[in-house]
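Enquirer: Pasting a structure here, questions to come.
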């Protein structure tokens, strides 16, 4: 015999809400709204999927990759510029990583928080760690 979990009673959060908190819909999404807002609905769904992908980064990389494939199918792509030159107009530097390799100086060492673009429009800039050339003072006394 298969048993199904009972839905929570009034005022009791659903199991997934206990860990992350309830999902709050933007204004105009209450039950009984007269006018549908497809653009607003899409934006809310994309934001929810990005939040989910952020939460899955360390916990479930395979599911995160699946979320990224789903987002890409509707035109939303992750921005992870690891190994590319740092560009302060497109990336937010959150830390630096020393390097003695001049070729790595001012390149992105790692992405700490993935950025996203929706059909070419940046939704969130990536937060990155940047390599910084560390001088090797071999001639110091």
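Bear in mind these aren't lab numbers, they're just calculated from the coordinates by the rules spelled out. It should be emphasised that the depicted structure is a prediction, and the values quoted were computed from it without experimental measurement. Here the Cβ positions follow ideal geometry from the backbone for every residue, glycine too, while neighbour counts run over all protein chains shown.
Enquirer: For a quick check: sort 101, 92 by the number of other beta carbons within 10 angstrom, fewest at the front.
Expert: Listing 101, 92 from fewest to most nearby Cβ atoms yields 101, 92.
Enquirer: Quick check: pseudo-label points 7 Å beyond the Cα along Cα→Cβ at residue 123 and residue 100, how many nm apart are they?
Expert: My value for the distance between the label points is 4.3 nm.
Enquirer: Measure off 7 Å from each Cα along the Cα-to-Cβ vector at residue 87 and residue 60, then give the distance between these two points in nanometres to one decimal.
Expert: In this crude label model, residue 87 to residue 60 measures out at 3.4 nm.
Enquirer: Continuing with the same structure: Give me 107, 136 sorted ascending by neighbouring Cβ count inside 10 Å, so fewest comes first. Let's see the in-between values first.
Expert: Values: 107 19, 136 8.
So the ranking, lowest neighbour count to highest, is 136, 107.
Enquirer: Compare the peptides 109-115, 36-42 by average per-residue count of other Cβ atoms within 10 angstrom and give them in order, highest first.
Expert: Numbers: 109-115: 17.3, 36-42: 11.6.
Final packing ranking: 109-115, 36-42.
Enquirer: State the Kirkwood hydrodynamic radius of segment 38-133 in Å, one decimal place, computed from all pairs of distinct Cα atoms.
Expert: Working: mean 1/r = 0.0706 Å⁻¹.
Across segment 38-133, the inverse of the average 1/r is 14.2 Å.
Enquirer: Length gain on complete extension for the stretch residue 37 to residue 135, per 0.36 nm per residue less the alpha carbon to alpha carbon distance?
Expert: Working it through step by step, the gained length comes to 29.7 nm.
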